[in-house]
Amino acid sequence: MRIAIGTRKGLWTAQGGPDHWQISQPLRQMAEFASVAWVPMTGIDTPRLVVGARSWFWGPSILTSDDDGRTWSEPEQGAVAFPEDTGASVERIWTITPDPRVPGRVWAGVEPHSLWRSDDSGSTFELNRALWNHPHRAEWQPGAGGPAVHTIVPRPDEGMVIAMSTGGVYRSPDSQADWSPANSGIKVDFGPDPYPAFGQCVHRIAMDAVDPDRLYAQNHGGVFRSENGGRSWEPITAGLPGDFGFVVLAHPTRTRVAWVVPIDPSTMFPPEGRLRLWRTDDAGQTWREAGRGLPDEHYASVIRDAAHVIDLDGTAAIAFGTRNGSVYASVDEGETFSEVATRLPDVLSVRISA
Amino acid sequence: MPVTLQLPQALAPDAGGNRTVVIELEQGSSLGDLLQQVRHRHPALVRRICDETGEIRRFVNVYVGDAESRTMQGMRTPVPSDAVVMVVGSVAGG
């Protein structure tokens, strides 16, 4: 399998399996890569690599490569640029999400809070005006990392669920308009109202493989589940070593199976330094530790776009990266991990392709 | 009047591989006029220097002669004949 690895100071890919991983030379340097994606290309075996880059000097950009990162393309006018009437400028590309419903369609979550759609496999993107003009916009606040749409979940029907920090979860019936907040039951501990309609600091959401109305959310404080597409949520934190983290992954084919990566918010390290996934097989009623082979003395976080799961020949393959430059992968549903890379810059984004 | 835009190596690929771009401007032109002319020829280059609002990016400095444009009149800074306009990444990083 292939793994794309975006870091604070460059981009790498890895290929192989648990017995041997081959890490590339740095494919791009002197920029951060907060988002990476493999986009399937009709009739071509090699997926397109689409990456969200940011040079501290020369600004953000979305680049594409059809040859595993050897050569890159970017339109002269840029792949993603705010229309002049918005008075805004792109600060960072937080997530790039291929849409499994429509070949060639790719979504991008961008700072400032905005959602973008590409219908040419990530070459160019168009701003979603309905979300940009949302009446709540003035009240959305930046999370610690900035004000951004960071999670995009296309539903099997025409709908979509997105998450932003700090705006919370929003849903649209057609992936285009009528964005409504979907945060009922998600508690916040940083404002006077513990259950606001929106404004939650959601860190990641994931959709159940079989039931699209079942969603999981790793929030700033608490893990939550929805059984109705996000209209309401209930906490499922009991049994976890902590309620904080950035990652939640849903099994790609099996219902009620999900993983989180708990992080201690007072240190930003895993609890007791033990880097582990925690797995549920019953939609969050119970949890158990998973991840043999992961380190016991690990002092760095795992952030939201730096973890990914895909179906690999009927089994869940998981890869994730850490902010101290390690990447781990599992081809047995997260039970055991091997080290893909170490001593990289801090890892911001990881995506797997078969 | 000819004006020379000098670029760092990192931006040369966006200027056809060149580190200098010579632009013919009318007398009395400003830095904004210069960048607008450059945009017609090398749109990607100007996108690296300015964001979508037209502002020079935070960690980019543009010198008109010896003066950094923010200390002058910004985009309205006059560009004299035969001027050298230099684009540099600011000293930052780690």
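FYI, it's all coordinate maths here, none of it is from the lab. All figures in this text were calculated on a predicted structure; none of them were measured in a lab. Cβ sites come from the backbone with ideal geometry, for glycine too, and all protein chains shown count toward neighbours.
Structure summary
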{"item": "Mean separation of Cα contacts under 8 Å, 6 or more apart, over the residue count of the range A:2-353: relative contact order %", "result": "12"}
{"item": "Euclidean distance between Cα centres, the range A:103-146 to the range A:149-211, Å", "result": "14"}
{"item": "Fewest-first sequence of B:59, A:337, A:320 by Cβ atoms within 10 Å of each Cβ", "result": "B:59, A:337, A:320"}
{"item": "The range A:23-94 versus the range A:288-343: alpha-carbon centroid distance in Å", "result": "24"}
{"item": "Computed helical MRE - 222 nm, chain A, DSSP H runs ≥ 4 contributing -39500 (n - 2.57), nearest 500", "result": "0 deg cm²/dmol"}
{"item": "Integer Hz, Karplus 6.51/-1.76/1.60 couplings in order for the range B:32-48, x for Gly and Pro", "result": "x, 4, 4, 5, 5, 5, 5, 4, 4, 8, 9, x, 5, 4, 5, 5, 6"}
{"item": "All-pairs Cα distance distribution in the range B:2-89, expressed in whole percent, bin size 10 Å", "result": "18, 59, 23, 0"}
{"item": "Nearest-20 debye value, the protein assembly as shown charge dipole, Cβ charges on Lys, Arg, Asp, Glu", "result": "500"}
{"item": "From the C-alpha gyration tensor of the range A:28-172, square roots of 5λ in Å", "result": "24, 19, 13"}
{"item": "The range A:105-114 - phi-based ³J(HN,Hα) in whole Hz, Karplus 6.51/-1.76/1.60, Gly and Pro as x", "result": "8, 9, 10, 10, x, 10, 9, x, 2, 6"}
{"item": "Extension reserve of the residue A:336-residue A:42 stretch, reckoned as 0.36 nm per residue once the Cα distance is removed", "result": "102.5 nm"}
{"item": "Sites residue A:189 and residue A:231 - FRET efficiency at Förster radius 25 Å, r taken between beta-carbons, to 0.05", "result": "0.65"}
{"item": "Stretch gain in nm, segment residue A:84-residue A:129, where the contour uses 0.36 nm per residue and the Cα spacing is subtracted", "result": "14.9 nm"}
{"item": "Counting all C-alpha pairs of chain A, share separated by more than 24 Å (%)", "result": "52"}
